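Values in this text are rule-based calculations from the coordinates and carry no lab data. Just so it is clear, the structure is predicted and the values come from calculations on it, not from any experiment. As a convention, Cβ positions derive from the backbone with ideal geometry for all residues, glycine included, and neighbour counts pool all protein chains shown.
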Amino acid sequence: MFRYLILIMILSITLAGCTEQVKVDMQGAGETIPTGSTGIAFDGKDLLVAKEGLIAFIDNIDTATAGSIYGYEGHFYFDRYPITITSKENKPYITGLAWQNTAGNTGFIWASDEANRRILKISPQGDVITRIPLTKIYPEDITFDGEYLWVVDSKRKKIFKLSTEDGSIVSEYLSPVPVPTALAWDGKNLIVGGLKNLNNPAPSPDNVQIIKLDPVSGNVMENVETSRYLTSPAGMVWINGKLWISDRNSGKIVIISDKGEPSTDIRSYKLPAVAPVLKKVEAKEDKNKTAQDVDEAKRAAEEARKAAEEAKKAAEAAKKAFELQQKK
């Protein structure tokens, strides 16, 4: 009996030293990680979730099944310490996350901060590497296609393709979803989620719309079937044929298939390219001409100086001659 007590004590101490396991009441589908997360991404191992200025790394996720009679809550683990983003201006409010793979699988986190209208490039250790201000965009969810950043803006009802260097707009799209709030990249197409009507008085799954958009043609390829547990998409990420979507109303993350019906919408939502503003560059001939003008001006000034000296000498000589004449 004593041997069993010792074994139980050792097991208790061992479990206490392990990573904390967190269980939550799912009430249907998905995970609440943390409650009301607004941005989510996937780094190949962990699910990254954001709320306000906090980014957490979640591992070993086991989700509950919608409508399960067992009442299983699901569970997950925090893989490491969260990252906290600060600002000297407005309190950060992260509305989107994206992951960029790099050599050696170290990677970077891209985060859209709606409160400060900027995009941040962050190391996995939490160091902010780049701050890109956005003057013409109200950034919500964000995704990365391997070369460019994509941002949805529900205020302008647009989707923007941005350079990772300075955030300059590469191309623009009108959003097929009336109020775009969530964005993901499946390796080929953009997946856009949001609401059909912002003024809908009550949250409803019927008010949610998710589509696949071909970024080359700007055409809607598919209408993705949504979930009865999804009423207000916030962050979204595509993982192996599934869409993980954080819901703003319930605070849960709902997992659905990315499959849908072919769209009958033949409109292209890609806007015409705007010619870049060219900086005025002075031609080489103009520079040479300017140099010649300067040389000529210098020569003219020197000649004028010599002429003034000669005139001065002549005036002094005339003065002396006049004085001599007066003495006589």
Across region 21-262, how large is the tail of the calculated P(r) beyond 32 Å, expressed as a percent of all Cα pairs?
-> 14
Restricting to lysine pairs 8 or more places apart or on different chains, what number in region 186-260 have Cα atoms under 16 Å apart?
-> 8
Listed peptides 108-118, 254-264 by packing density, highest first (mean Cβ within 10 Å) | 108-118, 254-264
How would you rank 93-99, 230-236, 164-170, highest first, on the average number of other Cβ atoms within 10 Å across their residues?
-> 230-236, 93-99, 164-170
